[in-house]
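Scroll down for the structure; my scribbles are underneath it.
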Amino acid sequence: MRTKGRIRVRPDLLGLVLLTSAALTLAAPPPLATAQPGPSAAAFTVEEQRLDRAVPQEILRRSGFDAVAPDFVRSLRSADSYAEAERAVVRQGGRLWQRAVDRAQGRGPARGDLSRDDDRPLYWARLAMTRELRAWQPGFGLSESARAGLLGKLERSSRGQDSLTFPARGGGHDRGIKRIVVTGFDPFTLDRDIRISNPSGATALALDGTVIRTADGPARIETAVFPVRWQDFADGTVEQALRRPLSQADLFTTVSQGRVGRIDVERFNGAWRGGFGDNDNVSETGLVPVGDPASQPQWTVTSLPYPAIVAADTGRFPVYDNTSVTEVPAGATAPVVRPDGPTPGSAARAGGGGDYLSNEIAYRATLLRDRLGRDIPGGHVHTPVLEFGAGNTDPATGTVTDPAFVQNRLDIIAQLRSIITVAAEAS
């Protein structure tokens with residue numbers, strides 16, 4: 001039985017947020033229609049409305065990404081048809097993703113004094129672009145369904161989802177190269193601290209398109225970033241983005257921010273949404289909505305080589321094989337915590353990664369693995385919470401960055417790279 005509520009909330013929790021608690025339509029472009037009046041400020045999303053605050057503007061200015069939205073507007077203004085607008089949206093979205101990847105990997109000028117590993121410029125620049133696209137009123141007329149199609153293309157191209165591809169296998173230099181898929185998330189809990197960064201998104205930028213050397217030879221990593229929004233997941237954004245790459249991959253790991261001071265390999269993923277508010281302050285509670293619900297399991301299981309990962313010396317943060325879940329046992333009505341995993345016939349209430357979107361992306365990716373019949377290693381890894389330095393913990397008085405904050409993020413990225421290398425070698 002599925003229960004589902006949809007309310008607007010203001011999240012105000014500490015730490016474990018991706019633990020507690022779509023693509024937009026891919027069909028052919030909808031028919032164009034007479035242009036409607038542009039949206040008022042109230043018509044922008046909750047995420048987009050945060051853009052006008054001082055911190056996002058500072059992050060954009062200090063990274064040089066404040067020029068992204070004006071460039072995008074100029075590109076839109078030159079579009080005289082839906083087809084031209086579509087090309088502009090995909091081109092500019094892809095450029096934003098590549099610019100963020102290049103900055104993170106040290107290519108080209110930094111165009112600002114924020115450290116290159118920072119994932120926040122990508123997040124805020126994308127929102128600046130979606131806000132401009134939402135307000136744009138072209139001369140050729142644009143229905144709201146057609147606008148939604150453009151917004152979906154902008155989301156996918158600017159998140160690396162369109163470029164989540166591997167070279168075809170052949171007899172050349174790519175022969176024998178392992179293929180690894182890694183995903184990250186946007187920053188979240190922005191109403192608690194709008195300065196927040198997400199080390200999983202920073203890891204995705206740092207690793208996209210890179211080749212790691214393993215004892216078994218080279219492995220290529222392709223990455224993408226996902227939104228912290230319930231509706232996008234219900235719309236199938238995970239499956240749309242990952243179906244093709246997982247059919248080609250030799251290993252995958254979804255990554256998100258988790259607990260303070262530790263890394264967790266989550267053993268079990270549950271089919272339950274616990275209701276914590278997303279980046280649009282929307283709450284969802286109930287069974288994870290997937291295609292073919294009649295064959296939907298309550299639990300999926302990691303196939304990552306967790307014994308090897310836990311045993312390896314990968315970095316400064318301790319790594320755990322997390323087997324705890326929350327379930328409603330068969331025949332019972334009240335949820336209980338099971339430290340050693342679910343019991344037969346139980347209903348999920350939280351996986352090892354909780355009941356928020358980190359658990360859900362792990363559940364969806366591993367379910368997709370199983371439905372594709374892929375016998376490959378895959379699962380979820382939780383990074384430590386990315387913390388600001390001592391004396392910079394109050395969002396009301398703190399700065400957007402500090403040396404400890406940067407070092408913590410760099411250490412997390414390096415350790416995730418090591419964990420992925422261990423997983424590739426053990427597989």
**Prompt:** Dividing the convex hull volume of the Cα atoms of the stretch 104-163 by its residue count, what figure in Å³ per residue is obtained?
**Reply:** 118 Å³
**Complete:** Cα extents of the chain along the principal axes, largest first, in whole Å, come to 60, 55, 47
**Request:** Find which of His380, Thr393, Thr366 sits farthest along the positive direction of the dipole of the stretch 342-427, computed with +1 on the beta-carbon of Lys and Arg, -1 on that of Asp and Glu, about the Cα centre.
**Result:** Thr366
**Charge dipole magnitude, Cβ of K and R +1, D and E -1 - the stretch 144-238, Cα centre, debye nearest 20** = 360 debye
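Average projected area of the Cα convex hull of the stretch 58-188, in nm²? Could the numbers behind the result be given before it?
On the way: hull surface 39.6 nm².
Directional mean of the projected Cα hull area for the stretch 58-188 stands at 9.9 nm².
Work out the length of the dipole vector of the chain about its Cα centre, built from +1 on the beta-carbon of each Lys and Arg and -1 on the beta-carbon of each Asp and Glu, and round it to the nearest 20 debye.
Details: 51 positive and 49 negative charges, 131 e Å.
Dipole magnitude for the chain comes out near 620 debye.
Using alpha carbon coordinates only, what is the Rg to Rh ratio of the stretch 343-419, with Rh defined as the Kirkwood radius? The partial results should precede the final answer.
Numbers: Rg = 17.7 Å, Rh = 15.6 Å.
Rounded to two decimals, Rg/Rh equals 1.14.
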**Fill in**
Lys and Arg at +1, Asp and Glu at -1: neighbours of Ser197 with Cβ under 12 Å from its Cβ sum to -4
**Request:** Give the accessible area for Arg179 in Å² (nearest 10); use a 1.4 Å probe, count only protein heavy atoms, and leave out ligands, DNA and RNA.
**Result:** 20 Å²
**Message:** Taking the solvent-accessible surface of protein heavy atoms with a 1.4 Å probe, what is the per residue accessible area of the stretch 280-427 in Å²?
**Reply:** 40 Å²
**For the stretch 280-398, the fraction of alpha-carbon pairs in successive 5 Å shells from zero, as %** = 2, 9, 16, 18, 18, 14, 10, 7, 4, 2, 0
**Complete:** Under the helix-only model (-39500 (n - 2.57) for each DSSP H run of 4 or more, divided by the residues of the chain), the mean residue ellipticity at 222 nm, to 500 deg cm²/dmol, is -11000 deg cm²/dmol
**Item:** Net charge of neighbours whose Cβ lies under 12 Å from the Cβ of Ala215, counting Lys and Arg as +1 and Asp and Glu as -1
**Value:** 0
**Message:** Can you compute the charge dipole magnitude of the stretch 62-148 about its Cα centre, using +1 on each Lys and Arg Cβ and -1 on each Asp and Glu Cβ, nothing else charged? Give it in debye, rounded to the nearest 20.
**Reply:** 140 debye
**Item:** DSSP-loop chymotrypsin sites (Phe, Trp or Tyr not before Pro) across the stretch 46-151, with at most 14 other Cβ within 10 angstrom
**Value:** Phe140
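Over the stretch 350-427, what percent of the accessible surface lies on carbon and sulfur atoms, probe 1.4 Å?
Here carbon and sulfur together make up 51 percent of the probe-accessible area.
Please work out the Kirkwood hydrodynamic radius for the stretch 192-318, using every pair of different C-alpha atoms, and report it in angstroms with one decimal place. Display every interim value, and only then the final one.
Values: mean 1/r = 0.0581 Å⁻¹.
That comes to 17.2 Å for the stretch 192-318.
The values are calculated or read from the model by the stated rules, or taken from the named source; none is laboratory data. Computed from a predicted structure; not experimentally measured. Because the Cβ atoms are built from the backbone with ideal geometry, glycine has one as well, and the counts that use them run over all protein chains shown. Just the protein is used for accessible areas: all its heavy atoms, side chains included, with ligands, DNA and RNA removed. Shrake-Rupley method; radii C 1.70, N 1.55, O 1.52, S 1.80 Å.
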